[in-house]
1. What is the number of the single condition among (1) of a type in the set (A, V, I, L, M); (2) under 16 Å from the mean Cα position of the chain (by Cα); (3) closer than 18 Å to residue 30 by Cα that residue 89 does not meet?
2. Does residue 86 qualify as being open to solvent by 70 Å² or more (accessible area, probe 1.4 Å), out of contact with any Leu (no Cβ under 7 Å at 6 or more places or on another chain), away from ligand 1 (no atom under 16 Å from the Cβ) and farther than 20 Å from residue 145 by Cβ?
3. Considering only residues that are more than 9 Å from ligand 2 (Cβ to nearest atom), farther than 18 Å from residue 105 by Cβ and touching a helix residue (DSSP H, G or I) at 6+ places or on another chain (Cβ under 7 Å), which ones fall in region 27-52?
4. Does any residue in region 116-129 that is under 15 Å from residue 91 (Cβ atoms) come within less than 6 Å, Cβ to Cβ, of a residue that is part of a helix (DSSP H, G or I) and open to solvent by less than 70 Å² (accessible area, probe 1.4 Å) six or more places away or on a different chain, and which pairs are these?
5. Would you mind telling me which numbered condition in (1) surrounded by 13 or more Cβ atoms within 10 Å (Cβ to Cβ); (2) part of a helix (DSSP H, G or I) residue 162 fails?
6. Enumerate the pairs (first residue in region 86-100 and touching a residue at least 24 places away in the same chain (Cβ under 8 Å); second residue anywhere and open to solvent by 10 Å² or more (accessible area, probe 1.4 Å) and charged (D, E, K, R)) with beta-carbon separation below 6 Å, excluding pairs fewer than 6 apart on the same chain, so at least 6 apart or on different chains.
7. Anything in region 53-65 that is more than 17 Å from residue 176 (Cα to Cα) and either more than 12 Å from ligand 2 (Cβ to nearest atom) or in contact with a Ser or Thr (Cβ under 6 Å, 6 or more places away or on another chain) (or both)? List them, or say none.
8. Look at residue 167 and say whether it is assigned to a loop (DSSP other than H, G, I, E, B) and either aromatic (Phe, Trp, Tyr) or closer than 23 Å to residue 39 by Cα (or both).
Amino acid sequence: LMFGKARTCNIVTVPEHEPLECNIVILGAMGSGKSALTVKFLTKRFISEYDPNLEDTYTSEEVVDQQPVLVKVMDTADQDGPVNCERYLSWANAFIIVYSIDNRNSFEACQQYLETVTLYSKGLQPEAPVILLGNKVDMERYRQVSKADGAALALRFGCLFFEVSACLDFLSVQHIFHEAIREVRRE
Ligand code: GDP
Ligand code: MG
C-alpha cells in the first residue's frame with residue numbers, strides 16, 4: 001500500500017487504529033433475563049416485557065478504559081439448551097451464561113451451556129472468556145440458588161462469576177459487559 005510514496009518522501013502515514021471488535025453472546029434458559037440485561041446495557045432502561053422468542057444481535061460503540069471498542073451482543077433465544085450452537089460458538093469472543101437466582105432450573109441449565117462453551121473455547125487460541133451470571137438479585141426473597149452455589153459452579157469451569165439485576169442500577173450491568181471486554185483484551 002503506497003510503498004512508492006513512503007519510500008520517496010520517507011513519511012509513512014499510520015492509519016488510525018481500527019477499534020477493537022468484541023462479539024459477546026448471551027446464553028441461558030428462557031426467562032433468565034438475557035434480553036432484559038442486553039437491553040439494559042444498550043439503553044440503560046429496563047424493559048420488562050420482551051418477546052421471548054426474539055433472537056437478535058445489536059451493535060454498540062463503547063469506550064472501555066479510554067479505549068474504543070465496537071461491541072456486538074447476540075441475545076439468543078434457545079428453547080432447548082445448547083443445540084444449533086455453531087452459530088454463536090465460532091462467532092463469539094466472549095460468553096455470558098445467565099441464570100435467575102430465583103429459579104433453580106435456570107441454574108441447572110447453565111451447566112450444559114458451560115460444558116458446551118468451555119469444551120469449545122479450550123481449543124481456541126486465544127481462549128474466549130466465559131462469565132457465569134446470576135440475574136434478578138432484586139428477587140432475594142425468592143432465592144433458590146445461593147451465591148456459594150454460583151461461585152462453586154464458576155470455579156469448576158474456571159470462569160468469572162457475578163450476580164446482578166437487570167432492573168436495578170445500570171452501572172452494575174454495564175460492569176459485567178465491560179469485564180467481558182477487558183478479558184478479551186487480555187487474551
Ligand atoms: P430471556 O428469555 O432470558 O430473554 O428473559 P427476559 O429478558 O425476557 O426476562 C424474562 C422475565 O424476567 C421478564 O418478565 C422480565 O421482566 C423479567 N426479568 C428480567 N430480568 C429481571 C430482573 O433482574 N429482576 C426481575 N425481578 N425480573 C427480571
Ligand atoms: Mg429473550
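The values are calculated or read from the model by the stated rules, or taken from the named source; none is laboratory data. Treat the numbers as computed from the prediction; the structure is a model and nothing was measured. Counting neighbours? That spans all protein chains shown, and the Cβs are built from the backbone with ideal geometry, glycine included. Protein only, heavy atoms only, side chains kept; ligands, DNA and RNA dropped before computing areas. Shrake-Rupley method; radii C 1.70, N 1.55, O 1.52, S 1.80 Å.
1. (3)
2. The answer is yes for residue 86.
3. 37, 40, 41, 44, 45, 46, 47
4. Between residues of region 116-129 that are under 15 Å from residue 91 (Cβ atoms) and residues that are part of a helix (DSSP H, G or I) and open to solvent by less than 70 Å² (accessible area, probe 1.4 Å), the close pairs are 120/89; 128/121; 129/183.
5. Status for residue 162: all satisfied but (2).
6. Here the result reads 98/34; 100/136, each pair linking region 86-100 to a residue that is open to solvent by 10 Å² or more (accessible area, probe 1.4 Å) and charged (D, E, K, R).
7. Once the filter is applied, which keeps residues that are more than 17 Å from residue 176 (Cα to Cα) and either more than 12 Å from ligand 2 (Cβ to nearest atom) or in contact with a Ser or Thr (Cβ under 6 Å, 6 or more places away or on another chain) (or both), region 53-65 yields 55, 57.
8. Yes, satisfied.
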